[in-house]
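Q: Once you've had a glance at the structure underneath, I'll fire off some questions.
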Amino acid sequence: MQSLFQQAKNCFLTADPEQKIEKTFELTSSWQAGNLSWDKNESIELFDEPGRLPKPEIVMPKELGKRKPGSEKGRATLIHALAHIELTAVNLAWDAIVRYRDMPKEFYDDWTQCAKEEATHFSMLRTRLQEMGYDYGSFPVHNELWKMAIETKDAMSDRMAVVHRVFEARALDVVPGTIKRFDNIGDHFMVKTLNLICDEEVGHVSSAAHWFRYRCHQQQKDPDAEFFQLLKRYMRSPPRGPFNHVVRLQAGFSQNELDFLDKNSPNKNWEVKSPLPLGKG
Ligand SMILES: [Fe+2]
Ligand SMILES: [Fe+2]
């Protein structure tokens with residue numbers, strides 16, 4: 001029987017995105033069919049950096065310049081940036097599986113399913129890029145999400161709290177606006193893709209909330225207090241609102257956490273009123 005952990009490492013280290021996506025689908029199916037072992041004590045070498053091709057070029061965020069949202073190229077740059085986040089999210093899911101080995105089976109159920117969904121998101125965005133005459137790798141990207149993944153790697157709860165409940169959760173606030181932009185120009189494929197992404201990200205952020213609280217409970221820590229402390233430890237500035245309360249509550253945020261985020265947000269007075277168009281993909 002093949003090992004989930006070995007195969008997850010293999011996916012993580014695969015550089016070609018096409019192959020990474022293919023292996024991700026295969027691996028999630030094998031896991032869900034019960035065809036993989038998961039021995040906590042199996043020795044697996046850990047790597048900090050996933051496999052990557054030379055393109056896209058990784059640059060500092062400030063080197064990326066401003067996108068021109070009105071132009072076709074501006075839209076392609078935006079889709080490319082989203083595709084990069086999705087591919088990074090595939091790597092994050094496999095990394096969590098390989099790195100955090102003391103977890104119950106449900107943890108691996110959640111993150112294999114997440115890897116598959118992120119792989120689907122990436123593929124859909126890449127298809128759109130190719131239709132527009134570009135591809136993944138056509139533009140430079142920044143890598144702040146992965147940097148935070150490495151900073152939080154030593155504690156599963158830090159990874160869940162900061163990478164998934166801050167960085168990934170940001171999508172819950174901003175993607176509805178992006179959907180509107182594509183709707184305005186009649187890009188139905190992007191509207192469908194982004195609706196699916198929105199819908200499934202709620203599940204990923206919920207899983208992160210669940211496993212974050214699982215560890216807090218094991219360590220007899222108050223999860224809200226722990227979340228606030230981790231934000232202060234890892235974030236140079238507080239997460240920026242406005243926060244989509246309706247969807248964040250669905251994704252496992254407590255009202256107390258939302259109040260804390262609102263209170264500390266640099267633009268706290270702006271409130272998202274309408275819920276996400278969930279399930280309309
Ligand atoms: Fe995603
Ligand atoms: Fe996600």
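Computed from the coordinates by the stated procedures, all read-outs in this text should not be read as laboratory data. What you are looking at is a predicted structure, and each value in this text was computed from that prediction instead of being measured. Don't worry about glycine lacking a Cβ; one is built from the backbone with ideal geometry, like all the others, and counts go over all protein chains shown.
Q: Only one of Ala119, Ala93 is free of Cβ contacts under 8 Å to residues at least 60 places away in the same chain, at negative phi and in contact with a Phe, Trp or Tyr (Cβ under 7 Å, 6 or more places away or on another chain); which?
A: The conditions single out Ala93.
Q: How many residues, within region 175-221, are among the charged types (D, E, K, R) and in contact with a Ser or Thr (Cβ under 7 Å, 6 or more places away or on another chain)?
A: Matching residues across region 175-221 total 1.
Residue-by-condition table, conditions (1) farther than 24 Å from Arg52 by Cβ; (2) within 15 Å of ligand 1 (Cβ to nearest atom):
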residue	(1), (2)
Ile97	no, no
Arg101	yes, no
Pro104	yes, no
Thr112	no, yes
Gly137	no, no
Glu144	no, no
Ile150	no, no
Ala155	yes, no
Arg170	no, yes
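Q: Does region 165-186 include one or more residues that are in a helix (DSSP H, G or I), among the aromatic types (Phe, Trp, Tyr) and within 16 Å of ligand 2 (Cβ to nearest atom)?
A: So far as region 165-186 goes, yes, one or more of its residues are in a helix (DSSP H, G or I), among the aromatic types (Phe, Trp, Tyr) and within 16 Å of ligand 2 (Cβ to nearest atom).
Q: Something else about it: List the number of the failed condition for Thr120; all other conditions in (1) away from ligand 2 (no atom under 13 Å from the Cβ); (2) crowded, with 17+ Cβ neighbours inside 10 Å; (3) among the hydroxyl-bearing types (Ser, Thr, Tyr) hold.
A: (1)
Q: Additional query: May I ask you to list the residues in region 246-259 that are over 19 Å from the mean Cα position of the chain (by Cα) and not in a loop (DSSP other than H, G, I, E, B)?
A: Passing the criteria: Val246, Gln255, Asn256, Glu257, Leu258, Asp259.
Q: Still on this model: Looking at Ser265, Ser237, Ser207, Ser254, can you tell me which residue is hydroxyl-bearing (Ser, Thr, Tyr) and either touching a His at 6+ places or on another chain (Cβ under 9 Å) or within 14 Å of ligand 2 (Cβ to nearest atom) (or both)?
A: Ser207
Q: A further question on this structure: Residues of region 4-36 being small (Gly, Ala, Ser) and surrounded by fewer than 13 Cβ atoms within 10 Å (Cβ to Cβ), which ones?
A: Ala15, Ser29, Ala33, Gly34
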